[in-house]
Structures are given as C-alpha cells and as structure tokens.
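Here the structure is laid out as structure tokens; the discussion comes afterwards.
FYI, it's all coordinate maths here, none of it is from the lab. These numbers come from a predicted model, not from an experiment. Neighbour counts are summed over all protein chains in view; Cβ atoms, including those assigned to glycine, are modelled from backbone coordinates with ideal geometry.
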Amino acid sequence: MEDSFAGRCVLVVSTNYAPEHTGIGPYSTQIAEHLAASGADTHVLAGMPHYPAWRVAEGYRGRWRIRERRGGVTVHRRRHTVPPRQTALRRALFEASILAHGALAPPRIRPDVVLTQMPSLAGGVLGGRLARQAGVPHVVVVQDLMGAAAEQSGIRGGGRAAALAGAVEARILRKAAVVGVVHESFVDRVTAMGVPRARVHVVPNWTHVEGPSGDRERTRTRLGWSDQETVVLHAGNMGLKQGLEVLVEAARLADQEAAPVRIVLMGDGNQRAHLQQLASGVSSLTFLPPADTADFPEVLAAADVLAVTQKASVLDMSLPSKLTSYFMTGRPVIASVAAEGGTAQEVLRSGAGSVIAPEDPKALLAEVRALADDPGRAARLGARGPQYVEQRLSSRAGLERITALLRTAKAGR
C-alpha cells in the first residue's frame, strides 16, 4: 500500500475481531494489521470474541471493557449481550447493547478516517457517529445486508424486524462517504436504498487462510475417515440461514441407501444443538468442533467434497466467507443454494463446484455420489479453486481494494 496513511489515525469499527477465526473477524483483523504495518496508528472498536459459538471466549468473560494490543493494533473492546439462540428480539438487544456501550465509552482518539464492517448494524451507527464527531469520512464495507438478512434468514420475528433494520441500514449507507460491497449481487439492493452508484464499489473478500501443506492421508486417518467413504464437509457457522438440515437429511438418506458417504459438520453456532438432536440415530453424520487456525486448511483438504448450504429464501443478503477458504484446498464444492443468489454466482464463476437446488437432500446426495463416481471431474473442479484464488482472491489484492476505498474517501474530502 502507498504510504498515504503513514502517521495517520485510522479507526476500524467491527464487532467481530481476532481471536475469532471464522466469519468477518479474520477480515477485520487483517485489514487493521495491514494498515498498522503501513505506518498508520490503527485502532479497532470491537466486541468481545463470541463467534461462531455465540458464547464469550475464555479470558474475556465477565470483563466490562478491555484495551489490548494485537498485531500492532490497539483494540478497544466493549461488553455486550451474546444471545445463545437467535430471535429478532434477542438480535435487537444484542445490537442495542453494542450501540449503547460503544456510544457511552468510545475510544478516546481523533481518527482521520473511520472504516466500519457491517454487520453489526450498531457498528454502522457507531462508525457514522464517530466519523461525524471527528469531521472525517466514514467508509462502510457491507459483508451482510441486515434488512435482507432479517427478511430471508428465517429468524423468528424477522419479518417484523426487516423493515426497521432496512431503514437503519439505508440511513447508514446513504450517509457514508464510500460503500464497499463484497459481491456485485449486493449492488442493486444498496443503490435501491438511495446510495449513488458512483459511491458503491465491489470489494470481494479474499482467502485469509494458507493452503494445505500436510499429509492428507495422515489427516484422514487422524479424523477416522476411511478411504472407502466419500467425506462431505461443511465448515463454519451453524446458524439459521445455512439451512444445515439439508445435510442431516442427506446423511439420513445415505444411511437408508447404505451409501459409502460420511457427512461432517465442523464448527459451532446457535443451531448446533438443534442439529445434533435432529441427527440422533444417523450414523452417516459426524460433528466436529472448530479446527484451530493451523489445522483448518488441512481438515478441509482431507475431505472429498466441501459443502455450502443456504435456505432457499437466502438470495442477496450475504456471501459465505467460507468459500474463499474452500477454494484454496483443491477440493470440489457443492453449493445447495438458490440459483439466482450471489453464492451460486460465485461458485459458478470460480468453476470449482456445482450448484444444486437448496433444501433438497436427494439432489445433494445424488451430486455427492456423482462426484465420487467420476474422480476425474472432481479433480478438475477442485483444481480450479486455487487458480481462482490466485486470479481474484489473493490477500494482497483484497487488502489493496480496501485501502483504495479509504483513499477514495479521503480524496473526496
């Protein structure tokens, strides 16, 4: 990056931050550390680590406010509620607690620019407020569209919350100097909120993990995966919008058909207990805890197929961050998602996987078996993932896109 931010103060507002190792946290962390390495005095206003388990991490429980140094960055943490199960009311309380504590005790700095990662919605409100108070530009990067999320995710009470969330979100984005969106499928919805198209920039996420480097067979043996079975792995958050019931039912079908298929759900989230209960008695399904950062790419690469699933209602609210990690592994991806959504577009553009109808366990199992029966096709699909990463999703290119947003915002002032 150019040295345009050397000696300047940058505030990043992101509820999610390291040590969270999945979702938005790794992107916020790499952005902040990249800016710090360039010479910027970089601060982050963050919440307490809680994702994807939706439990506050050890070492942070019971703490009200924390100031810590990580990777050359000063992190200001503020306590907030962490709902173990999601409803619209609990989500609203979560957002309200972030907003209230952040407004009551903001970092005592004077930034030259404020960069907010959304969600959370409260983070967007806080970022805009702090930027206005300092008289500096506010840059927003939209990872998920919150109004659409309330409408499409199936969260209890979400229909009533969607209009309010959408109105707040639109106000934040209209007031921002520059808006980045992680996929072009978000652009129409953002401009429909009244944001001029010239202020909206597509800034794709990048892969934030290293490629696998270990012995694949040794990893499979350690995990208890046989060479005679096709292992389908879903890694990451177990939430409502993922619609992971389709994988439970596909495993049930595999049991009924005596298919040599093992489906693995690795990670955590507010739907994990529900899924475990639903999967009672299903022998073709295994649950794993989240892998640590070093082991994560090795476990992904040890699988035969990587799965991304979403409810049929999920269209343009989000793009799963797991895709960037999946593509690095050289394994084929099956996307059980709406064909008209951004996730389907990304998988098809990469050439690294196939898209099937969402919430259809028969179709999912059939595609798994088709890939198992055609290892040449599986290998060709898998090989395209790393190529796509190199062409479009490198961390260097991704971080430069973000810092270019900051330069654009500064130049407009």
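Taking every DSSP helix (H) stretch of at least 4 residues in the chain, weighting each as -39,500 (n - 2.57) and dividing the sum by the residue count yields a mean residue ellipticity at 222 nm of -13000 deg cm²/dmol.
When the inverse distances between all different Cα atoms of the range 118-277 are averaged and flipped, the Kirkwood radius reads 18.9 angstrom.
For the range 216-392, the relative contact order comes to 23 percent (Cα pairs under 8 Å, sequence separation of at least 6). In this structure, Glu257 and Ala103 have a Cβ-Cβ separation that, at R0 = 51 Å, corresponds to a calculated FRET efficiency of about 0.35. In whole percents, the pair-distance distribution calculated for the chain from its alpha-carbon pairs, binned every 20 Å from zero, is 28, 58, 14, 0. Rounded to the nearest 10 degrees, the inclination of helix 88-104 to the longest alpha-carbon principal axis of the chain is 30 degrees.
Sorted ascending by nearby beta carbons within 10 Å, beginning with the fewest, Asp295, Asp227, Asp144 become Asp227, Asp295, Asp144. Say R0 is 51 Å: what FRET efficiency, to the nearest 0.05, do Gln387 and Arg63 get from their beta-carbon distance? My answer for the efficiency is 0.70. Per residue, the Cα convex hull of the range 216-392 amounts to 107 Å³. Note: the range 1-82, Cα convex hull, 79 Å³ per residue. Helix 158-175 against the longest principal axis of the chain: what's the angle in degrees, Cα atoms only, rounded to the nearest 10? Rounded to the nearest ten degrees, it is 50.
Seen through its C-alpha gyration tensor, with square-root eigenvalues sorted a ≥ b ≥ c, the range 325-374 comes out oblate because a/c lies at 1.5 or above while a/b is not bigger than b/c. Highest mean first, the peptides 367-376, 234-243, 42-51, 383-392 sorted by other C-beta atoms within 10 Å per residue fall in the order 42-51, 234-243, 383-392, 367-376. Between Thr221 and Thr293, the simple label model (points 7 Å from Cα in the Cβ direction) yields a spacing of 2.9 nm.
Each principal axis of the Cα cloud of the range 201-276 was evaluated for its coordinate range; sorted largest first, these ranges are 49, 34, 21 Å.
Helix 395-411 axis versus longest C-alpha principal axis of the chain: approximately 30°, rounded to the nearest ten. Working from Cα pairs under 8 Å separated by at least six residues, relative contact order for the chain is 15 percent.
Excluding same-chain neighbours fewer than eight residues apart, the lysines reachable from Lys175 by a Cα-Cα span under 28 Å are Lys410. Need one word for the range 270-335: rounded, prolate or oblate. Basis is the Cα gyration tensor (sqrt eigenvalues a ≥ b ≥ c); a/c below 1.5 gives rounded, then a/b vs b/c decides. Taking the square roots of the gyration eigenvalues as a ≥ b ≥ c, the range 270-335 is oblate. Within a straight-line Cα-Cα reach of under 20 Å, Lys362 can be paired with the following aspartates and glutamates, leaving aside sequence neighbours fewer than 8 residues apart in one chain: Glu229, Glu245, Glu249, Asp255, Glu257, Asp304, Asp373, Asp374. Taking all Cα pairs closer than 8 Å and separated by 6 or more residues, the relative contact order of the range 1-141 comes to 25 percent. This ranking places Ser28, Ser280 by how few other beta-carbon atoms lie within 10 Å of each, fewest first, which gives Ser280, Ser28.
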